[in-house]
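Shown next, in structure tokens, is the structure this report addresses.
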Amino acid sequence: MSMPVVRPAGAADRAVLERLWLMFRHDLSEFQGGLPNPDGTFRSDRLAAAFTDPDRLAYVVTSDEHPAGFAIVRGLAAPTRVLSSFFVVRGLRRRGVGLAAVRDVVERHPGPWEVAFQDANTGAVRFWRRVATALAGQRWTEERRAVPGRPELPPDVWISFAVAAATT
């Protein structure tokens, strides 16, 4: 397996990202309880916004020419960017693909970053703490924040870190 290739998603990538989105939302349904829509899809407004909102950008991750995952960044013009959605297919997890993909994405947009996940998603908890340490050493923070408009849900975990501009 070669290292993943990360590139901004274009219009031609939308159908692939829509299929990967179904896998992503299915995985999250275990922790968030969301059910598919009557047509079998999941809510996808964040994915759609990544193709229309100039303050967001979707990245597609491939491995040996196969779709491997995606990343969606929001707050491109904000002081702090947010990795609002991140997904790696199960067959490539725990092989360094996720860390390499996150590193590639955040280094394209140096500065402060935030990412949210749920405490119940123990794989995500381990992954994002490992990512923060790999990218920022001990210079990262973790806090719990209420989910806006959803008082019935447990708070999200937010990790904050900063990535310096790459030196050439």
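The values are calculated or read from the model by the stated rules, or taken from the named source; none is laboratory data. No experiment lies behind these values; they were computed from the predicted model shown. So basically every Cβ, Gly included, is an ideal-geometry build from the backbone, and we count neighbours across all protein chains shown. Just so you know, the surface numbers come from the protein's heavy atoms only, side chains and all, with ligands and any DNA or RNA stripped out. Shrake-Rupley method; radii C 1.70, N 1.55, O 1.52, S 1.80 Å.
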Q.
The conditions are (1) in contact (Cβ under 8 Å) with a residue 60 or more places away in the chain; (2) open to solvent by less than 30 Å² (accessible area, probe 1.4 Å), and V73 fails exactly one of them. Which is it?
A. (1)
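Each row is one residue, and each column tells you yes or no for (1) more than 25 Å from A100 (Cα to Cα); (2) of a type in the set (S, T, N, Q); (3) at pLDDT below 85.
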residue	(1), (2), (3)
A9	no, no, no
R14	no, no, no
E18	no, no, no
W21	no, no, yes
E30	yes, no, yes
N37	yes, yes, yes
T41	yes, yes, yes
A50	no, no, no
Q. In the stretch 147-155, is there at least one residue being within 16 Å of the chain's Cα centre (by Cα) and open to solvent by less than 70 Å² (accessible area, probe 1.4 Å)?
A. no
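Residue-wise test of (1) basic (K, R); (2) over 15 Å from P8 (Cβ atoms); (3) open to solvent by less than 40 Å² (accessible area, probe 1.4 Å).
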residue	(1), (2), (3)
R46	yes, yes, no
R56	yes, no, no
A77	no, yes, no
F87	no, yes, yes
G98	no, yes, yes
Q118	no, yes, yes
Q.
Take the conditions among the basic types (K, R) and within 14 Å of the chain's Cα centre (by Cα) and apply them to R103. Does it pass?
A. yes
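Residue-wise test of (1) among the hydroxyl-bearing types (S, T, Y); (2) farther than 21 Å from W158 by Cβ.
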position: P38; (1), (2): no, yes
position: R46; (1), (2): no, no
position: S63; (1), (2): yes, yes
position: P67; (1), (2): no, yes
position: A78; (1), (2): no, no
position: R81; (1), (2): no, no
position: V88; (1), (2): no, no
position: G96; (1), (2): no, yes
position: P110; (1), (2): no, no
Q) Does R103 satisfy being of a type in the set (D, E, K, R) and under 14 Å from A162 (Cα atoms)? A) yes
